[in-house]
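Peer 1: This structure is in structure tokens; I'll ask about it shortly.
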Amino acid sequence: MLDLKIDLYKKVYLIRKAEEMIKQHYFEDEMKTPMHMSLGEEAIAAGVCEALKPTDQIMGTFRSHAIYLAKTGETDKFFAELYGKVTGMGKGKSGSMHLSAPDYGFIGASSIVASSIPVAVGAAFANQQGKNGKISVAFFGDGAVEEGVFWESLNVACLMKLPVLFVCEDNGLAVHASFSQRKGYNSILDLVSAYNCHVFTQDSTDAEDVYEVAAEAVRCIKENNKPAFLHVKYYRYLEHVGVSEDFDAGYRSKQEFDTWFQRDPVKLFRRKLLTIMDEADVQQLERSIEKQIENSWQRAKEAPFPQELELSEDVYA
């Protein structure tokens with residue numbers, strides 16, 4: 001259990017510190033990509049990805065920093081991509097919204113709401129046909145549930161009993177619109193429960209709690225040959241797109257943030273870790289991650305930009 005807790009803390013701390021590095025340097029205007037930040041949702045990415053095998057596959061959205069870092073643990077290609085450098089995972093052409101790392105099982109991410117969900121279902125179908133034991137995971141926000149393709153994807157996954165996990169990261173907002181402004185029903189869970197799939201929910205910001213429910217969802221998918229839906233709540237710390245707070249915009253309050261921040265996923269898990277580890281050991285772990293991020297950031301700054309001919313390379317449509 002100690003190893004599990006250490007692995008989970010490494011994930012949440014890596015995500016937090018990587019995004020803090022972005023936040024610190026974004027205003028220098030050298031990262032030319034829009035940023036959809038993951039601050040506040042670290043526990044979801046860490047918990048779900050820890051429950052997966054390295055060969056399992058994930059699909060993300062425009063807000064995929066957390067799942068990329070949790071699934072891969074690497075930061076060199078990550079920061080290089082944000083700076084548009086040739087050493088990035090997309091050779092500088094993907095930016096923040098189209099991250100991918102197929103060698104780690106991260107199929108990719110899409111900037112179009114809900115568009116990655118059917119891709120994850122297609123991967124699940126391929127895995128089912130190949131009998132390879134892999135599952136695929138679709139991460140998406142609660143706003144994606146309002147797109148028809150989500151329900152079509154859920155329906156066919158249930159009908160064909162595909163090995164896919166739908167993870168709804170619910171922050172109660174679609175950009176600035178609240179749940180009550182968008183939905184003519186009371187509960188996502190009630191609607192999804194009408195389908196022939198396993199349904200799970202977790203409101204905790206503790207990465208270990210998320211891990212446990214995700215591990216149970218994965219177990220049910222594999223043992224019962226049915227897809228699963230996992231609904232997880234979190235609070236988005238920063239604006240929809242960008243690296244600033246937006247409590248003056250009028251659609252949410254600083255008091256709401258303060259309430260959620262009392263359960264901050266990084267601080268919560270650090271306190272938990274200190275009940276079984278010495279402060280010095282935790283600090284050593286943190287310094288190692290901070291050094292990794294600092295080195296990756298420096299390499300990204302020094303890396304070359306792609307040549308003009310690179311624009312037409314690896315482009316298929």
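We did not get these values from a lab; they are worked out from the coordinates using the rules stated. Keep in mind that this is a model prediction, so the values were computed, not measured. In this analysis, Cβ positions are derived from the backbone assuming ideal geometry, glycine residues included, and neighbour counts consider all displayed protein chains.
Peer 1: Using r as the Cβ-Cβ distance of Thr201 and Ser253, and R0 as 25 Å, what FRET efficiency do you calculate, to the nearest 0.05?
Peer 2: Efficiency for this residue pair is about 0.50.
Peer 1: Percent relative contact order of segment 200-257, based on C-alpha pairs within less than 8 angstrom and at least six residues apart?
Peer 2: Normalised by residue count, the contact order of segment 200-257 is 31 percent.
Peer 1: Sticking with this one: For the residue pair Ser288 and His176, what label-to-label distance in nm results when each label sits 7 Å from Cα along the Cα-to-beta-carbon direction?
Peer 2: 4.5
Peer 1: May I pose another question? Counting only Cα atoms, I'd like the Rg/Rh figure for segment 97-173, Kirkwood definition for Rh.
Peer 2: Ratio of gyration radius to Kirkwood radius for segment 97-173: 0.96.
Peer 1: While we're here: Taking 0.36 nm per intervening residue step and subtracting the Cα-Cα distance, what contour gain separates Lys267 from Ser312 on full extension? Walk me through the numbers before you get to the answer.
Peer 2: Values: separation 45, 0.36 × 45 = 16.20 nm, distance 4.48 nm.
Computed gain between Lys267 and Ser312 is 11.7 nm.
Peer 1: Also, quick follow-up: So which lysines can Lys222 reach, going by Cα to Cα under 26 Å and dropping same-chain residues fewer than 8 places off?
Peer 2: Hits, sequence-local ones excluded: Lys5, Lys11, Lys53, Lys71, Lys131, Lys134, Lys161, Lys233.
Peer 1: So what is the 222 nm mean residue ellipticity for the chain from helices alone, if each DSSP H run of at least 4 adds -39500 (n - 2.57) and you divide by all residues, rounding to the nearest 500 deg cm²/dmol?
Peer 2: -14000 deg cm²/dmol
Peer 1: Right, something else. How large, in Å, is segment 2-312 by the Kirkwood hydrodynamic radius built from its alpha-carbon pairs?
Peer 2: Computed over segment 2-312, the radius equals 19.8 Å.
Peer 1: How big is the gap, in Å, between the Cα center of segment 184-213 and the Cα center of segment 111-159?
Peer 2: Here the answer is 16 Å between Cα centres.
Peer 1: Right, something else. When the chain is fully extended, how far beyond the present Cα-Cα distance does Lys222 get from Leu159, taking 0.36 nm per residue of separation?
Peer 2: Working: separation 63, 0.36 × 63 = 22.68 nm, distance 1.59 nm.
Contour length minus the Cα-Cα distance gives 21.1 nm.
Peer 1: A further question follows. Taking 7 Å along the Cα-to-C-beta vector as the label spot, tell me the Asp278-Val241 distance in nanometres, rounded to one decimal.
Peer 2: 4.9
Peer 1: Give the relative contact order (percent, whole number) for the chain; include only Cα pairs under 8 Å separated by 6+ residues.
Peer 2: It rounds to 24 percent for the chain.
Peer 1: Still on this structure, I have one more. Restricting to DSSP loop positions (anything but H, G, I, E, B) with no more than 13 other Cβ atoms inside 10 Å of their own Cβ, which GluC sites (Glu not before Pro) remain in segment 269-313?
Peer 2: Glu313
Peer 1: Are there chymotrypsin sites (Phe, Trp or Tyr not before Pro) in segment 156-216 that DSSP puts in a loop and that have at most 12 other Cβ atoms within 10 Å, and which ones?
Peer 2: Answer by residue number: Tyr185.
Peer 1: How large is the Rg to Rh ratio of segment 1-154 when both quantities use alpha carbon positions and Rh follows Kirkwood?
Peer 2: On the Cα set of segment 1-154, Rg over Rh gives 0.97.
Peer 1: Using r as the Cβ-Cβ distance of Leu189 and Gln24, and R0 as 41 Å, what FRET efficiency do you calculate, to the nearest 0.05?
Peer 2: Efficiency, rounded to the nearest 0.05: 0.60.
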